[in-house]
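Working notes, structure below.
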Amino acid sequence: MNKVNMESPYKMTLDLNVLNHLGIHLYSNVPAVISEAVANAWDADADKVEIEIDDSTRTIRITDTGLGMNHGDLNEKYLKVGYARREHGENVSPGGRAVMGRKGIGKLSLFSIANKVEVQSVKDGQKQGLVMELDVIKDVIGDGGGEYHPRPIEQDVIAIDEGSRIILSDLKRKRWSSQTEVALRKRLARRFSVIGTDDFHVFVNGEEVTVIDRDDLKTVQFIWEIGEKGQHEKKARPLLKKQAFFDGIPDNTKPAWRVRGWIGAVEKPKQLETVDGGNMNSIVVLARGRLIQENILDRINEGGLFTKYLAGQIEADFLDQDNEDDIATSDRQRVVEDDERYRFIEAYVTKCIRQIEGTWTEWRKELGVKSALEESETLKNWYEELPTGAKKHAKSLIGKIETLKIEDNEDKRELYRYRILAFERMRMKDSLDQLELVLESTADKVLPLLADLNDIESTLYSQIVKGRMEVIRAFQGLVDENEKERVLQEYLFNHLWLLDPSWERATGSELIETRLKTQYKEFSPELTEEETLGRVDIAYRTTAGKHIIVELKRADRKLTVPELLDQGQKYITSLRKCLLAADREEGPIEVVFVIGRLLDEENDDPDYVERAMSALASGSRIKTL
């Protein structure tokens, strides 16, 4: 039995089962419990609540500037489990606030996190105080007595001059963590819309809790306001680009059922991930300024991955009306979901999300294109080189990629590569109207469209060539033709894409400013003297199963087609011997001559030159710089 029964002026009556279900096991975290104390401070007309967390002693102190409680209030209201104040006509506080409390069991939740609870209060100059200890309560009511008499504390111990103070000590370890303060700030900001208003301020360890502590508002990229235009935009992060407005009137047949708040979308879902502040990928529902449903979003099966980007806050006071049944569950973190009022608000939020998704997609594309072009010089150059008519489709392509949930930059680059190659193929075929099919395709479906990869890459690299033409033009200033040849030769052989863009990805051995005789003797010493005659400067490449020999001729050398054909045949014969000696597979061979001036035959009969080179080997050709 409680040894202080006869000495205590305070009395609590309850059943052990009530204590277990509505006290010890009601909440699983510190913020939910502190929320009950904050709500009580609001109902007491407090304008300030100070919460002090001491990690070293694992103690929490909550002090408010409210009306306070006298001896009668403590016994008849605070210690009376299940005191439903609204049923006693206390719907509005003396200061005119719509009260949050309803069930009268919130005080028991303190035992969810603490084994010892001390209450101090001052009203009309009178100081009152008591201490409740969980182990003692269990012993008393467990013996069937049903009455517990909290231990009173002396008035000179009470250190406040107004309002009330609750001290939670001997905190339970499983409810405590080093992140308690951080989590408390975030969750209080999300559990109350009245925090930070002109007449209600909450502080945690001396720092005021504001709407910014929600964390979700400061990460949203876009925001849609409901019923309160312009109220939340200024609180969102500076990167906010767009906003929209819903009137907050779900149904004209129920004019009293009005909604206000906001729904926001972040740039990346991981911005809503948190280890200390709960799930931010949620839309909380509040009534009378206090949380009543933790997350309505998990009940809405709209938008698929789109909803992973969402956060928000909906206020619907009609969910907690005095003259209607209480639809809040005991822990006040959710409601009875088959109630007409909740189904009504769920349908309205669903409707909003459906409308938001289309706008969100367009805004994401718009910002995605701008961001992508700013961040990638290569992509920007490609886009700017496109004809005007193709840019609209290119924007659509970029925007589509940027709206996809791709966190890895390398994966995104690979996706860009496939999509742009497909884009160029469509453009080459003058089929940009089919581009949307490409945009919706996965990589494995895009690849069949790329049957002629060399042609596509040629188109792409031609854009790069244009950007590098200034380098080529620099050679034109060189007076000495042979000096021009030396400089041009070195640059050309390091950048063979200038001759054929598809060679950018070619592999093989480069032979720069060497003689065919020397290099070929290293490959195969059995070559004849005739096969190594003449001065040549060559590069060797393999690409798409073909062997390509490129020879750069002196700029001042006068050449004829028969001479080039003869030289080309020697290359082909020699290369075949080299490939055989190296045990390499023989495939098609092309010979490309780079000369400094047009051949006489080209002026007289261009088709003859083309026919002659093709007869030497398919694909062989002459290029003039």
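The values are calculated or read from the model by the stated rules, or taken from the named source; none is laboratory data. Bear in mind that the values here come from a model prediction, so they are computed numbers and not experimental data. Virtual Cβ from ideal backbone geometry, glycine too; neighbours counted across all protein chains shown.
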Of all the residues that make up segment 579-623, how many are touching a residue at least 60 places away in the same chain (Cβ under 8 Å) and either under 17 Å from Leu559 (Cα atoms) or loosely packed, with under 13 Cβ neighbours inside 10 Å (or both)? 4
Inspect segment 581-604 for any residue being at pLDDT below 75 and not in a loop (DSSP other than H, G, I, E, B) and give the result as yes or no. yes
Would you check if there is a residue in segment 340-358 being in contact with an Asp or Glu (Cβ under 9 Å, 6 or more places away or on another chain) and among the polar types (S, T, N, Q)? yes
Give segment 193-225 a look and list any residue that's among the aliphatic types (A, V, I, L, M) and assigned to a loop (DSSP other than H, G, I, E, B), or say none. Val194, Ile195, Val209, Leu217
Unmet requirement for Lys127, which otherwise passes all of (1) in contact with a helix residue (DSSP H, G or I) (Cβ under 8 Å, 6 or more places away or on another chain); (2) at pLDDT below 90: (2)
Is it true that some residue in segment 138-149 is within 28 Å of Lys80 (Cβ to Cβ), modelled with pLDDT of 90 or more and of a type in the set (Val, Ile, Thr)? no
Verdict on Ile356 being touching a residue at least 12 places away in the same chain (Cβ under 8 Å), surrounded by 17 or more Cβ atoms within 10 Å (Cβ to Cβ) and touching a helix residue (DSSP H, G or I) at 6+ places or on another chain (Cβ under 8 Å): no
From the set of residues in segment 375-397 that are in a helix (DSSP H, G or I) and aliphatic (A, V, I, L, M), which is nearest to the chain's Cα centre (by Cα)? Leu397
Counting only strands (runs of 3 or more DSSP E) wholly inside segment 257-298, the ones holding at least 3 residues that are without any contact (Cβ under 8 Å) to a residue 40 or more places away in the chain and under 16 Å from Phe222 (Cβ atoms) are none
